Structures are given as structure tokens and as C-alpha cells.
Amino acid sequence: EVQLVESGGGLVQAGGSLRLSCATSGFTFDDYAIGWFRQAPGKEREGVSYLLNSDGDTYYADSVKGRFTISSDNAKNTVYLQMNSLKPEDTAVYYCAKDLSALHMDVGIYDYDYWGQGTQVTVSS
């Protein structure tokens, strides 16, 4: 059974940091890209960052480049999103998800077939 569980969200002031975790199970972790997505109130869900462990490929949305870093602990089958210099516009529910295709990275929401429950990130001004 494929499972993804996010944690680490919370309330921080602008300029602060959070580290989100995505604990995964039920698939070959190294073969599938993991994406972080977010959805703010009244907004569409958008891709934030992606990681494919098999080749170390990463992707960052322009809005978070230089502030967010995606990484993994392969022994724990866990992907992290380190979020620094947080802005109020980063406020959203953050989700992690598994790419449906092995051994390459996709960046569209419909390329991801299993999703976590989401974790709330709120950045106050």
C-alpha cells in the first residue's frame, strides 16, 4: 500500500523557517519522483519543488528558488522541504505526492498518483 504522510507545518512569522517532512512507504523510493505542492485559499494547487533520488534531479518553482531546499533521507524513505525566508504568500496547505512514472521527473499535478493528507503552513506578516 502506497502511503505518504506530511508533517512539520505550523505558524511562523515572515522571515522565519520551517522544515516539512514527507514519510513514504509502499513503493521503491529511489525510483519515483516526489513532489511538494501547495494550495492557498482561493488559489489553484501548484507545484513547489520536486526530487528524483535515482539521479538527484531537483526542480523549484520560481517563487521559491533560493529560499526552499528539497532533500531526502533514503534510509527513512522521507523527503524534506526546508523553507527559509518565509513570506505571507507562502501560506498554504502543503502536500507531497508520488510521481506515477518511474525513473523520470514530472512537474504536473496530474502526473502524481498518490497524495498525502497535507500540512498547513501559515506565515504571518
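From the list D62, D111, D99, the one residue that fits, being surrounded by 19 or more Cβ atoms within 10 Å (Cβ to Cβ), over 13 Å from C22 (Cα atoms) and either at pLDDT 95 or above or touching a Pro at 6+ places or on another chain (Cβ under 7 Å) (or both), is D99.
Flag not set for Y32, criterion: under 25 Å from S101 (Cα atoms), open to solvent by less than 50 Å² (accessible area, probe 1.4 Å) and of a type outside the set (K, R). Just one of the listed residues (L18, L86, L11, L4) is open to solvent by 60 Å² or more (accessible area, probe 1.4 Å) and in contact (Cβ under 8 Å) with a residue 40 or more places away in the chain, namely L11.
Screening D55 with (1) under 11 Å from the mean Cα position of the chain (by Cα); (2) under 15 Å from M105 (Cβ atoms); (3) open to solvent by 70 Å² or more (accessible area, probe 1.4 Å) gives one miss only, at (1).
I'd like to know if the stretch 69-81 contains one or more residues that are over 22 Å from Y114 (Cβ atoms) and either open to solvent by 50 Å² or more (accessible area, probe 1.4 Å) or at pLDDT below 95 (or both). Scanning the stretch 69-81, I find at least one residue that is over 22 Å from Y114 (Cβ atoms) and either open to solvent by 50 Å² or more (accessible area, probe 1.4 Å) or at pLDDT below 95 (or both), so the answer is yes. With respect to the conditions (1) in a strand (DSSP E or B); (2) in contact (Cβ under 8 Å) with a residue 60 or more places away in the chain; (3) polar (S, T, N, Q); (4) open to solvent by 40 Å² or more (accessible area, probe 1.4 Å), Q117 lacks only one, and its number is (1).
N53 meets all of the listed conditions (1) touching a residue at least 40 places away in the same chain (Cβ under 8 Å); (2) touching a helix residue (DSSP H, G or I) at 6+ places or on another chain (Cβ under 6 Å) but one, namely (1).
The values are calculated or read from the model by the stated rules, or taken from the named source; none is laboratory data. Please read these numbers as outputs of a predicted model, since none were measured by experiment. We place every Cβ from the backbone using ideal geometry, glycine too, and count neighbours over all the protein chains shown. Heavy atoms of the whole protein, side chains included, go into the accessibility calculation; ligands, DNA and RNA do not. Shrake-Rupley method; radii C 1.70, N 1.55, O 1.52, S 1.80 Å.
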